[in-house]
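Peer 1: Take this structure, written in structure tokens, and hold onto it; I'll ask about it next.
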Amino acid sequence: MKIIIVGCGKVGLTLAERLNQENHDITLIDSDYTTVRTAADSLDVMAVTGNGAIYQVQMEAGIKEADLLIATTNSDELNILCCLIAKKTGNCHTIARIRNPEYSAEVNFIREELNLSLAINPELAAAHEISRLLRFPSAIKIDTFAKGRVEIVELRVDAGHKLCDIALNDLYSIVKCKILVCTVIRNGKAITPGGDFVLAAGDRIFVTAPTNVLTTLLKNLGIITHKAKRVILCGGGRVSFYLAQMLLRSGIGVQIVEQNYEKCVQLANMLPKATVIHGDATKEFLLDNEGISDC
């Protein structure tokens, strides 16, 4: 594929490196000549100096022949504009990095109305991963699909496990919730099981269900031994904001410690159910006063 990447920051350079290793044809666009030339020389890719939202700059980068344009600059608005011009000019697929929390509720509207192929938010993705680890603290593998509505969990059936020697038809009597065992790995081979399939020690099973049902499943199997009830977030950046929203929806108490007073006021207005503390999270006495030992 011929791919144009606008923005030579950390995300843009990492993408360029990975995609270049997969033998894609990469062209970088950035307004800083030194940055873009250094990146082009180190990665051995094409480079164009200029504003990625300018028609002539995209033409110089070969937008007419491009299969995909990825906009990863620090400006959400510039990324959206880059994708809009690319779509009108080259009719290629477009991906925009949109990070501002103010756009988070509008991202589906923006994507559909501007015909973006994908809108990515690294901070939101990080918050989702942290939230998932807090909701399922046991050492098990969990993946999400269907836009986060459904999750698939990998479990190992050991000797003496509640599921050992149990037929799938009898599973409900054990787990007390409706789940789907979609795959079983036995002796290195993947099996699509039927209702009469009997689980054995050593099996790895992949179970899918909505998030709240998976929580019930893991509790009934004794896999989840505890659940986070109160979390202290050090710093009030984008990741903390997104994470606080998710934790509060899950019924987990949230305290945010932030040094910048104006940001504290903003967070308090945006997250009325969270406790926002103006202070330095590196100070031991502050954390002690906020009950870090019981967190």
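Peer 1: Just for the stretch 83-113: of the residues that are without any contact (Cβ under 8 Å) to a residue 60 or more places away in the chain and among the small types (G, A, S), which one is farthest from R238 (Cα to Cα)?
Peer 2: Among those that are without any contact (Cβ under 8 Å) to a residue 60 or more places away in the chain and among the small types (G, A, S), it is G90.
Peer 1: List every residue pair whose Cβ atoms lie under 9 Å apart, where the two residues are 6 or more positions apart in sequence or sit on different chains, the first residue falls within the stretch 11-29 and is free of Cβ contacts under 8 Å to residues at least 40 places away in the same chain, and the second residue, located anywhere, is hydroxyl-bearing (S, T, Y) and loosely packed, with under 15 Cβ neighbours inside 10 Å.
Peer 2: Correct list of pairs: L13/S42; E17/S42.
Peer 1: Would you kindly identify the strands (runs of 3 or more DSSP E) lying entirely within the stretch 195-295 that contain at least 1 residues that are open to solvent by 70 Å² or more (accessible area, probe 1.4 Å)?
Peer 2: 204-210, 230-234, 275-278
Peer 1: Considering only the stretch 179-230, how many residues are within 23 Å of the chain's Cα centre (by Cα) and in contact (Cβ under 8 Å) with a residue 12 or more places away in the chain?
Peer 2: Selection size over the stretch 179-230: 15.
Peer 1: So I174 fits all but one of (1) hydrophobic (A, V, I, L, M, F, W, C); (2) open to solvent by less than 30 Å² (accessible area, probe 1.4 Å); (3) assigned to a helix (DSSP H, G or I); what number is the exception?
Peer 2: Result: I174 passes all but (2).
Peer 1: Go through the stretch 71-104 and give me each residue that's hydroxyl-bearing (S, T, Y) and either closer than 20 Å to A16 by Cβ or buried (at least 20 other Cβ atoms within 10 Å of the Cβ) (or both).
Peer 2: T72, T73, S75, T94
Peer 1: Of everything in the stretch 11-41 that's modelled with pLDDT of 90 or more and surrounded by fewer than 14 Cβ atoms within 10 Å (Cβ to Cβ), which residue is nearest to the chain's Cα centre (by Cα)?
Peer 2: Ranking the qualifying residues of the stretch 11-41, first place goes to T14.
Peer 1: If V48 meets every condition in (1) more than 28 Å from the chain's Cα centre (by Cα); (2) at pLDDT 90 or above; (3) open to solvent by 20 Å² or more (accessible area, probe 1.4 Å) apart from one, which number is that one?
Peer 2: The one condition V48 does not meet is (3).
Peer 1: Consider I191 against the criteria (1) of a type in the set (A, V, I, L, M); (2) at pLDDT 90 or above; (3) open to solvent by less than 20 Å² (accessible area, probe 1.4 Å): it satisfies all of them except one. Which criterion is unmet?
Peer 2: Unmet condition: (3).
The values are calculated or read from the model by the stated rules, or taken from the named source; none is laboratory data. Since the model is a prediction, treat every value here as computed from it, not as a measurement. A quick note on method: Cβ atoms are made from the backbone with ideal geometry, for glycine too, and the neighbour counts reach across all protein chains shown. Quick note on the areas: whole protein, heavy atoms, side chains included, nothing else; ligands and nucleic acids left out. Shrake-Rupley method; radii C 1.70, N 1.55, O 1.52, S 1.80 Å.
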